[in-house]
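One structure below.
The values are calculated or read from the model by the stated rules, or taken from the named source; none is laboratory data. For clarity, every value in this text was computed on a predicted model and none was experimentally measured. Here Cβ is always computed from backbone atoms with ideal geometry, including for glycine, and neighbour counts include all displayed protein chains. All accessible areas refer to the heavy atoms of the entire protein, side chains included, with ligands and DNA or RNA removed. Shrake-Rupley method; radii C 1.70, N 1.55, O 1.52, S 1.80 Å.
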Amino acid sequence: MRFALSLLLLLYASGSPAHSFGQVYNLPVPFWLYAWGAAAALVVSFVILAIFLASPARATTTGEHDLSHCRLVKVLNAMHLTRVLRVFSVALLGLCIVTGWWGDRNPYGNFNMTFFWIVFALGFAWFCVLFGNFYAQLNPWRAVAGWIGMTWTRYREGFVGYPQWLAYWPALFLYMGFIWIELLANNTPRSLAEALLAYSLLNLLGAGLFGARDWFRYCEFFSVLFRLLSSLSPLRVSDGGGGGFRLHARRPLHAAVESRFEHFSLLLFLLFLLSSTAFDGLHEAAAWYRLYWVDAYRCCLQHVFGSHPLKAYANMRETYAYWQTAWLLVSPLLYLLTYLVFLLASRCFVTNAPGLRQLALHFAPSLLPIAVVYHVSHYFTLIETQGIKIISLASDPFGWDWNLFGTANWLQRNFVPDAAFVWHAQVGLIIAGHVLSVWMAHLIALRVIPDRRQALLSQVPMLLLMVCFTVAGLWILSLPNMAPVER
């Protein structure tokens, strides 16, 4: 035991790479109180839904309205705003690459790290939830592929047809690689520039091989991710022709309620969004470190690496990377197994119920609000602390003491969020997201299962699933972190 604790202290003293720029702040609380309160909130919401949601007809009316003829949209289209922003998005992609190659080596002083990891990967994802999938109009890789296709018809149409059996597997594997780089790789401005350049070449080759339409529908993971998230939005964005866009208003969440995932690979994509966010909160927790460096060492690794802590530490640290990667990659399968077990229990309440696979695809959209609130609750402090510094970095993107827009000296003071506010905001988000998921699952049940009583009973296991997800999410947020923030 003494040797194991020595290993743990060595690990803590050496530090380990934290997520992007830092770690999400967690406030130790009496966990059982929040867990019971959250469970009670879900049960009460379920009872209210059971009373007032009486018919599938009321549950599935989106009431979509075309806003394309409003003055603001007309003015923006007359200004060719979509075309301008498309060029701007390509320019930002190029800036992220060149600043990574020739800019400041310090991640905090380089434009590309803050812009890509925080403003784009985090902030734009949440933007799509609120305002619709504008990414489909502004995608820089699709824009470049479109420009190539304007003069090369064969490139635009693709050289081979997209194999239907591939479905969304390419997007899933690329997304897994992206999250691995985000959480476990040694990120620097240079490595990010290299990754963006490689991903740009992959997109251009893939769009030429299969055609831009199929590549950006099934393979480019940001397109898949933002399209999923935007199904919760009260706005729908579509191509208006002539370089413009059309805007439609609809009831929030109902586009997701009425949808059905078309392939199992898309379900796994969503489950990986859930599980990777949970893993990010867990893999820097003291309990997770202890599991490997103390418990696993005492149990079996001591016989492999030896009992001397200094000698064992070097080998265990190398193996730890494989341990982390394995758990990250297997995490969506654990969520899938849990999801299917509760769905199997739901089928017991339904006569002539659809198959388990069909139910899994039908109810998958109900997990979207959970994925969104997990994402926001884990990462919103990064927007507060580092994301706002994009204002100063925009004036000095290379870290060469420029002041292009007069903002280079803005927001230089480090901002530390209030611990109580962070924790209770996280708790509120987690509970609200799961309540919305309970509501969506109930609406889907009313649509999929004709008998209202059976639909209601089938949702009892789903309610228990939401309670489990809520408690697990709050537990991860309540864990004290062990990895120190690298500066």
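Taking first residues from the stretch 103-125 that are at positive phi and partners that are modelled with pLDDT of 95 or more and of a type outside the set (G, A, S), no Cβ contact under 8 Å between residues at least 6 apart in sequence or on separate chains turns up. Take the conditions (1) in a helix (DSSP H, G or I); (2) without any contact (Cβ under 8 Å) to a residue 40 or more places away in the chain; (3) not small (G, A, S); L477 misses just one of them, which is (2).
Return the residues of the stretch 161-177 that are in contact with a helix residue (DSSP H, G or I) (Cβ under 6 Å, 6 or more places away or on another chain) and of a type in the set (A, V, I, L, M); say none if nothing qualifies. Walk me through it before giving the result.
If we filter the stretch 161-177 for residues that are in contact with a helix residue (DSSP H, G or I) (Cβ under 6 Å, 6 or more places away or on another chain), which is where we start, we get 162, 167-169, 171-172, 174-175.
Hits for the stretch 161-177 are A167, A171, L172, L174.
The set of residues in the stretch 185-195 being in a helix (DSSP H, G or I) and buried (at least 18 other Cβ atoms within 10 Å of the Cβ) consists of P189, L192, A193, A195.
Only residues that are open to solvent by less than 100 Å² (accessible area, probe 1.4 Å), free of Cβ contacts under 8 Å to residues at least 40 places away in the same chain and assigned to a helix (DSSP H, G or I) were counted in the stretch 151-165, giving 1. Take the conditions (1) more than 23 Å from A408 (Cβ to Cβ); (2) free of Cβ contacts under 8 Å to residues at least 40 places away in the same chain; (3) aromatic (F, W, Y); (4) open to solvent by less than 50 Å² (accessible area, probe 1.4 Å); F178 misses just one of them, which is (2).
So which residues in the stretch 35-53 are open to solvent by 50 Å² or more (accessible area, probe 1.4 Å) and either among the aromatic types (F, W, Y) or at pLDDT below 60 (or both)? Selection gives W36, F52.
Looking at Y168, Y218, which one is buried (at least 21 other Cβ atoms within 10 Å of the Cβ), in contact with a Pro (Cβ under 9 Å, 6 or more places away or on another chain), among the hydroxyl-bearing types (S, T, Y) and modelled with pLDDT of 95 or more?
Values: Y168 fails: in contact with a Pro (Cβ under 9 Å, 6 or more places away or on another chain).
Going through Y168, Y218 in turn, just one is buried (at least 21 other Cβ atoms within 10 Å of the Cβ), in contact with a Pro (Cβ under 9 Å, 6 or more places away or on another chain), among the hydroxyl-bearing types (S, T, Y) and modelled with pLDDT of 95 or more: Y218.
Would you check if L138 is modelled with pLDDT under 95 and closer than 23 Å to G244 by Cβ? Yes.
For every residue, the table says whether it meets (1) farther than 30 Å from L429 by Cβ; (2) touching a strand residue (DSSP E or B) at 6+ places or on another chain (Cβ under 8 Å); (3) among the aromatic types (F, W, Y).
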{"position": "T82", "(1), (2), (3)": "yes, yes, no"}
{"position": "A91", "(1), (2), (3)": "yes, no, no"}
{"position": "G94", "(1), (2), (3)": "yes, no, no"}
{"position": "T99", "(1), (2), (3)": "yes, no, no"}
{"position": "N106", "(1), (2), (3)": "yes, no, no"}
{"position": "C128", "(1), (2), (3)": "no, no, no"}
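Would you say L334 is farther than 30 Å from N409 by Cα and open to solvent by less than 20 Å² (accessible area, probe 1.4 Å)? Judged against the criteria, L334 is not a match.
Every condition in (1) assigned to a helix (DSSP H, G or I); (2) open to solvent by 10 Å² or more (accessible area, probe 1.4 Å) holds for M440 except the one numbered (2). Scanning the stretch 443-456 for residues that are open to solvent by less than 60 Å² (accessible area, probe 1.4 Å) and farther than 23 Å from L253 by Cβ yields a single hit, Q454. Can you find even one residue in the stretch 74-96 that is farther than 19 Å from R227 by Cα, of a type in the set (A, V, I, L, M) and outside any helix (DSSP H, G or I)? So far as the stretch 74-96 goes, yes, one or more of its residues are farther than 19 Å from R227 by Cα, of a type in the set (A, V, I, L, M) and outside any helix (DSSP H, G or I). Contact map, the stretch 256-278: residues that are without any contact (Cβ under 8 Å) to a residue 24 or more places away in the chain paired with residues that are surrounded by fewer than 20 Cβ atoms within 10 Å (Cβ to Cβ), Cβ distance under 7 Å, separation 6+ or inter-chain. No pairs are found. Mind checking which residues of the stretch 182-215 are of a type outside the set (G, A, S), at pLDDT 95 or above and under 20 Å from the mean Cα position of the chain (by Cα)? Once the filter is applied, which keeps residues that are of a type outside the set (G, A, S), at pLDDT 95 or above and under 20 Å from the mean Cα position of the chain (by Cα), the stretch 182-215 yields L192, L196, Y199. Can you find a residue in the stretch 372-392 that is more than 26 Å from L229 (Cα to Cα) and polar (S, T, N, Q)? Checked the stretch 372-392: at least one residue is more than 26 Å from L229 (Cα to Cα) and polar (S, T, N, Q).
Look at G208 and say whether it is more than 19 Å from G94 (Cα to Cα), in contact with a helix residue (DSSP H, G or I) (Cβ under 9 Å, 6 or more places away or on another chain) and open to solvent by less than 20 Å² (accessible area, probe 1.4 Å). The answer is yes for G208. Among residues of the stretch 122-140 being hydrophobic (A, V, I, L, M, F, W, C) and open to solvent by less than 10 Å² (accessible area, probe 1.4 Å), the one that is farthest from A255 (Cα to Cα) is L122.
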